[in-house]
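Undergrad: Take this structure first; my questions come after.
The values are calculated or read from the model by the stated rules, or taken from the named source; none is laboratory data. From a predicted model like this one, the values you see are computed outputs, not experimental measurements. All Cβ positions, even for glycine, are placed from backbone atoms using ideal geometry, and neighbour counts span all protein chains on display. When the accessible area is computed, the model is the full protein with side chains, heavy atoms only, and any ligands, DNA or RNA have been set aside. Shrake-Rupley method; radii C 1.70, N 1.55, O 1.52, S 1.80 Å.
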Amino acid sequence: MQGSGAGRVAVVTGASQGLGYALAEALGRRGWSLVIDGRRADRLESAVERLRQVTTVVGVPGDVADSAHREALAAAARELGPVGLVVNNASTLGASPLPALTEISSDVLRRVFDVNVIAPLALVQTLGLGAGATVVNITSDAGVEAYAGWGGYGASKAALEHASRVLAVEQPDWRVLVVDPGDMRTEMHQDAFPGEDITDRPPPEASVPGLVALIEGQHPSGRYHARSITAEVAS
């Protein structure tokens with residue numbers, strides 16, 4: 001369990017499955033102690049049981065858009081030690097199938113921004129990170145490209161990206177990494193394409209080596225593609 005993260009604490013949201021779980025497992029194997037969350041308590045419990053085979057882990061079920069839940073995450077992290085890493089991975093599409101901007105309801109749009117923009121920033125505030133901390137905000141190419149149906153989700157990721165750039169300027173003692181993991185074979189991606197076969201997409205594990213390299217390397221604040229970093233490491 002010893003690695004570059006030995007003795008450090010990471011908070012990873014949306015880690016009961018998919019990319020969040022795959023990254024949490026990789027970090028745990030490298031010595032990071034973990035605080036993870038997920039909205040479905042049964043899935044989270046299962047994830048925690050598996051992660052306990054490799055590291056110290058605390059699971060806190062709940063919705064990251066809920067302030068009381070964020071406080072619970074921070075309290076759990078404080079029990080383990082200073083937080084050196086927060087990965088804002090939890091996201092929502094808002095609706096499936098994806099609605100056009102002329103059809104998306106204000107309630108759904110508000111929910112998307114609550115989860116994808118406000119919650120990550122609020123969690124960073126609640127954790128009270130110290131100098132040397134790393135913040136990883138998971139983004140998407142939908143935040144920079146215009147795809148029909150992806151307006152709500154894409155706009156939220158674009159907002160998160162710009163907020164991350166400002167955060168990096170305001171907090172020069174932190175590293176603020178905006179990371180696009182690429183298309184993945186996940187439940188959320190399947191929800192974006194209901195009824196379609198997405199088995200041609202890589203599993204989330206394909207994006208993890210690049211994320212770990214960014215987290216444990218010396219890359220400065222900025223926007224990165226996880227699989228491009230993976231290719232750099234491999235070469």
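Undergrad: State yes or no: is residue 60 among the hydrophobic types (A, V, I, L, M, F, W, C), touching a residue at least 12 places away in the same chain (Cβ under 8 Å), open to solvent by 10 Å² or more (accessible area, probe 1.4 Å) and touching a Leu at 6+ places or on another chain (Cβ under 6 Å)? Working first, answer last.
TA: On the way: among the hydrophobic types (A, V, I, L, M, F, W, C): yes; touching a residue at least 12 places away in the same chain (Cβ under 8 Å): yes; open to solvent by 10 Å² or more (accessible area, probe 1.4 Å): yes; touching a Leu at 6+ places or on another chain (Cβ under 6 Å): yes.
Against the criterion (among the hydrophobic types (A, V, I, L, M, F, W, C), touching a residue at least 12 places away in the same chain (Cβ under 8 Å), open to solvent by 10 Å² or more (accessible area, probe 1.4 Å) and touching a Leu at 6+ places or on another chain (Cβ under 6 Å)), residue 60 qualifies.
Undergrad: Something else: Of everything in region 23-43, what is open to solvent by 10 Å² or more (accessible area, probe 1.4 Å) and in a helix (DSSP H, G or I)? Give them in sequence order.
TA: Across region 23-43, the qualifying residues are 25, 26, 29, 41, 42, 43.
Undergrad: Follow-up. Under the condition of being closer than 16 Å to residue 24 by Cα and assigned to a loop (DSSP other than H, G, I, E, B), which residue from region 44-90 is nearest to the chain's Cα centre (by Cα)?
TA: Looking at residues that are closer than 16 Å to residue 24 by Cα and assigned to a loop (DSSP other than H, G, I, E, B), I get 89.
Undergrad: Could you check region 187-235 and list, in sequence order, the residues that are loosely packed, with under 13 Cβ neighbours inside 10 Å, modelled with pLDDT under 75 and under 24 Å from residue 147 (Cβ atoms)?
TA: Within region 187-235, just 187 meets the criteria.
Undergrad: Could you list, in sequence order, the residues of region 106-129 that are under 19 Å from residue 9 (Cα atoms) and either open to solvent by 40 Å² or more (accessible area, probe 1.4 Å) or touching a Cys at 6+ places or on another chain (Cβ under 7 Å) (or both)? Full working, then the answer.
TA: Within region 106-129, the subset under 19 Å from residue 9 (Cα atoms) is 120-129.
Once the filter is applied, which keeps residues that are under 19 Å from residue 9 (Cα atoms) and either open to solvent by 40 Å² or more (accessible area, probe 1.4 Å) or touching a Cys at 6+ places or on another chain (Cβ under 7 Å) (or both), region 106-129 yields 121, 125, 128.
Undergrad: Out of the residues in region 140-162 that are more than 19 Å from residue 96 (Cα to Cα) and touching a strand residue (DSSP E or B) at 6+ places or on another chain (Cβ under 8 Å), state the one that is surrounded by the most Cβ atoms within 10 Å (Cβ to Cβ). First the steps, then the outcome.
TA: Step one: list which residues in region 140-162 are more than 19 Å from residue 96 (Cα to Cα), which gives 144-145, 158-162.
Among the residues that remain, those that are also touching a strand residue (DSSP E or B) at 6+ places or on another chain (Cβ under 8 Å) are: 160-161.
Numbers: 160: 24, 161: 18.
Here the residue is 160.
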